Amino acid sequence: MRLRGEVALVTGGASGLGRAVVDRYVAEGARVAVLDRSSIGLAKLKETHGDAIVGIEGDVRLLESNKHAVARCIEAFGKLDCLVGNAGVWDYMATLVSMPDDQIEAAFDEMFSVNVKGYLLAVKAALPALYDSKGRVILTASNAAFYTSGGGPLYTSSKHAVVGLIKQLAYELGPHIRVNGIAPGGVVGSDLRGLKALGLQEQSISTISLPDMLDHVLPTGKVATAEEYTGAYVFFATRAETVPLTGSILDFNSGWGVRGLIDVNLGAELDRCFGKQTMDGKAA
Ligand SMILES: NC(=O)c1ccc[n+]([C@@H]2O[C@H](COP(=O)([O-])OP(=O)(O)OC[C@H]3O[C@@H](n4cnc5c(N)ncnc54)[C@H](O)[C@@H]3O)[C@@H](O)[C@H]2O)c1
């Protein structure tokens, strides 16, 4: 119960990573408001968590939706301690070359509108409440916030922009509000959708087997599930354990940035050397 008595607002909390964060926050004793465009996802959350959550249907691209979510959160729970900006969309690795001339402008606007403006507006709407509570902001970045090939140029640049947003806001909002980010790698159990402007709004990342694609190249040997990412969201939301922490982004992606390019499975060598030994070094 590391978040007992705390109140959070999670955007995009009706599915995937956001949903796992909501489940974990409630399990840790928090009450949680969730802003999401999916009424079905919000209804499922309510069914599971009852009065511990309040769902607000809306669009993170609109300041009004974000303000409404904060107002409903305060109305239901009396305060806001932690804002988790998380709602996002993907570009399904659409390359610059592949994007048609008549779609590229709208695709860029949609991507930045959800992934960057959505975070900016959520923080703007939450400022008075977070000032009152001396609260925290956590923004979901991505492996694509630091590295190539986690998306096409639209997604990758939008997540790099999130890094800038975190740093600038951490500087501007201190010492009252702390602002940090978490950069997960692939998320097993997510329903990440594509851009409407590219005709990809019904496409779900759940149709791609991330373990088949990534497990053999990641140093941890395993792409993580949504639930496995939630510990970091708890840590960043705690007050006592994060006193010196602001403007940081946790590269939380199974070693994406240090993976080998040539020999990707050096773990096999360890197995060859030590596989017949027990953990304390004795022969099995
Ligand atoms: N899935 C991955 O492999 C992966 C990897 C790295 C980072 N991420 C990031 O994790 C975050 C969560 O994504 P996910 O993978 O859990 O996807 P998801 O689609 O399962 O969850 C995203 C949620 O955001 C909501 N949403 C999307 N656009 C919205 C809007 N305009 N207004 C309100 N709600 C909106 C959706 O309804 C959904 O409930 C995103 O920021 C994503 O970029 C995902």
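Nothing in this text is a laboratory measurement; each read-out follows from the coordinates by a stated rule. Owing to the predicted nature of the structure, the values given are computational and were not obtained by experimental measurement. Ideal geometry is used to build each Cβ from the backbone, glycine not excepted, and the neighbour counts take in all protein chains shown.
With the simple spin-label model, which puts each label point 7 Å out from Cα in the Cβ direction, the Asp59 to Gln203 separation comes to 2.2 nm. Relative to the longest principal axis of the Cα atoms of the chain, the long axis of helix 63-77 makes an angle of roughly 80 degrees. Relative to the longest principal axis of the chain, what angle (0 to 90°, nearest 10) does the C-alpha long axis of helix 226-237 take? Compared with the principal axis, the helix lies near 60 degrees. Highest mean packing comes first when the peptides 135-145, 45-55, 235-245 are listed by Cβ atoms within 10 Å, giving 135-145, 45-55, 235-245. Translational diffusion of the chain, estimated by Stokes-Einstein from the Kirkwood radius over alpha carbon pairs at 37 °C in a medium of 0.692 mPa s, is 168 µm² per second. Maximal additional length on extending the Lys44-Ala240 stretch stands at 67.3 nm, based on 0.36 nm per residue less the C-alpha distance. Excluding residues fewer than 8 places away in the same chain, name every one of the aspartates and glutamates whose C-alpha is closer than 12 Å to that of Lys79. Cross-link targets: Glu6, Asp132. Annotation: the antiparallel percentage among DSSP beta bridges lying fully within the chain is about 5. Take the alpha-carbon centre of segment 157-205, take the same for segment 88-148, and report the distance between them in whole Å. Comparing the Cα centres of segment 157-205 and segment 88-148, I get a distance of 5 Å.
Of all aspartates and glutamates in the structure, those lying under 19 Å Cα to Cα from Lys44, and not within fewer than 8 positions of it along the same chain, are Asp23, Asp36, Glu57, Asp59, Asp191, Glu227. In this rough spin-label picture, where each label sits 7 Å from Cα along the Cβ direction, the Asp109-Lys79 distance is 4.1 nm.
Protection proxy ranking, highest mean first, for peptides 167-179, 3-15: 3-15, 167-179, where packing is the per-residue count of other beta-carbon atoms within 10 Å, averaged.
Roughly speaking, what is the stretch gain from Asp212 to Phe274, that is 0.36 nm per residue apart minus the C-alpha to C-alpha distance, in nm to one decimal?
19.7 nm
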